Structure formats: structure tokens, C-alpha cells
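Derivation of every value follows stated rules applied to the coordinates shown; laboratory data play no part. In this text the structure is predicted, and so the values were computed from the model without any measurement. Don't worry about glycine lacking a Cβ; one is built from the backbone with ideal geometry, like all the others, and counts go over all protein chains shown.
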Amino acid sequence: MGHETQSIGGDFWGGRTIEVKNIIAVTLSSQVHAVVGNVNTVIARPDFVETHHSHRFIAMMVQANGFFVRAGRFPNRTFVDGDVDVGTNQITDTDHGFLEGAGPFHLGTSGVLPSGLDSTTGYHVHPIDDDTITLHLSHNEAHKGINAVDITAAAGGGTHTYATMKAAEPSATNELGNESIHLVSTAGKGGAVSMIYAMPQYLTVVGDNAGSKMIYWSLP
């Protein structure tokens with residue numbers, strides 16, 4: 001289970017001209033996209049939905065507080081012990097929305113993770129169907145649906161999480177590679193763009209508190 005919003009560019013993405021001069025963004029349209037609050041929002045690159053346009057970059061302007069940004073789709077999914085079938089190593093997660101090989105994702109828990117899983121390993125997802133997954137140690141195994149991680153017990157209690165955003169900035173000691181970029185508000189700085197990012201297939205953003213606000217638009 002989990003909650004996310006997903007944003008996909010409409011006509012604005014392919015039908016307007018944007019100039020970037022001295023990190024000041026000037027757009028011919030006020031029809032930009034906004035993200036408000038601290039719910040995970042997954043932004044899909046329009047090319048993967050509308051193939052007749054090319055959008056290589058995304059410009060983001062944080063207007064209040066801050067946002068964590070990370071390439072990939074991180075909708076903040078959860079499951080509990082009762083969702084785990086130790087006989088088949090399958091986990092029930094209704095409407096998970098993942099494709100073969102998604103990840104790597106690190107697990108977290110408010111209790112004890114099922115035996116066979118840990119919080120330091122990056123797992124890839126293999127969807128059995130729309131509501132069921134298995135976890136794998138490599139993208140290749142997850143894509144093929146082979147060698148699922150052996151889950152031997154699930155009785156430690158708590159809510160388990162995966163596909164989450166780690167609220168930390170990158171550091172020189174980062175070994176897991178799962179930290180996020182932290183953007184802060186540019187309010188009062190003459191409309192400065194917070195960041196221009198080479199747009200991946202999916203980009204996940206989440207505000208650092210409920211009052212966070214950001215606008216974004218595409219660049220060719």
C-alpha cells in the first residue's frame with residue numbers, strides 16, 4: 001500500500017518556448033506545474049507518455065521551504081507481515097504499479113523486517129501481477145523473475161516500507177547511493193531557478209514539510 005501523485009506534462013510541455021538567461025527563467029506561459037506539501041510526487045518525462053516531443057531537462061523553482069529530489073520512481077510503498085507469503089516469497093501490495101526490475105529499493109520498518117530481508121540491501125522488484133511482487137538481488141533476476149529472495153518468516157510486527165525517498169543530502173561517505181538532492185527556496189532572489197536537471201524517465205520530489213511549494217517546467 002502507499003500514496004503518491006503522478007504528474008504528466010500536457011500541452012504546455014510541447015507548445016511553449018522557455019528561455020534561460022543568467023539562471024533566470026522566462027516563460028511565455030504561466031501554465032507551469034506546481035507541487036505543494038510533503039506527499040511524494042512522481043513526475044514522468046513526457047517522452048515516455050507522448051512520443052512526439054523531446055524534453056531533455058526539467059527546471060525547478062522552489063518558492064517556499066524545501067524539496068528533496070531523486071531520479072527514479074519512489075512512491076513510498078508499505079506492507080505488513082500479513083502481506084508476506086513465506087511459502088512463495090511473494091508480497092501482496094495492491095496496485096503497486098512497478099515494472100520488471102524496478103529498483104534498487106532499500107527497506108525500512110517500524111518493527112522487525114521479515115527474516116531474509118534487511119535494511120542495507122538494495123532490492124529489485126518483479127511483479128507477479130498488479131497486486132503481488134517478489135524481491136530480487138539484481139535487476140536481471142528481477143526482470144526474468146528468477147531467484148526471488150527467500151523469506152523464511154514474517155512475524156516481527158510493524159509496518160515495512162520500500163521505494164521511499166531518503167531525506168538526506170549526498171555526502172562524501174555515501175555508499176548506498178540512495179540520498180536525495182535537497183533544494184531550498186529561492187524566494188526573494190529575483191526568480192532564480194533552483195535547479196535544472198537532466199530529466200530521467202521518472203523523477204520523484206517530496207517537500208521537507210507541509211508548507212513546501214515548487215513549480216517546474218520542461219526545457220528542450
Quiz prompt | Amide H contacts of VAL32 (H built 1.01 Å from N, under 5 Å, at least 5 apart or other chain) | solution = none
Quiz prompt | Residue exposure sequence - SER110, SER138 - by fewest surrounding Cβ within 10 Å | solution = SER110, SER138
Practice problem: Show the residues, 5+ positions off or on another chain, whose built amide H is closer than 5 Å to the amide H of TYR123. | Solution: PHE105, HIS106
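At a Förster distance of 25 Å, what's the computed FRET efficiency of THR120 paired with ALA64, Cβ-Cβ distance as r, to 0.05?
Working: r = 35 Å, r/R0 = 1.39.
After rounding, the FRET efficiency stands at 0.10.
Multiplying the sequence separation of GLU100 and ALA187 by 0.36 nm and subtracting their Cα-Cα distance, what value in nm do you get? List each step's numbers first, then the result.
Numbers: separation 87, 0.36 × 87 = 31.32 nm, distance 4.07 nm.
Contour length minus the Cα-Cα distance gives 27.3 nm.
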Quiz item: From the backbone phi of the stretch 213-220, what are the Karplus-calculated ³J(HN,Hα) couplings (6.51 cos²θ - 1.76 cosθ + 1.60, θ = phi - 60°) in whole Hz, Gly and Pro given as x?
Solution: 9, 9, 10, 8, 7, 8, 10, x
Quiz prompt | Under-5 Å amide H pairs with THR132, H placed in peptide plane, nonlocal only | solution = ASP93
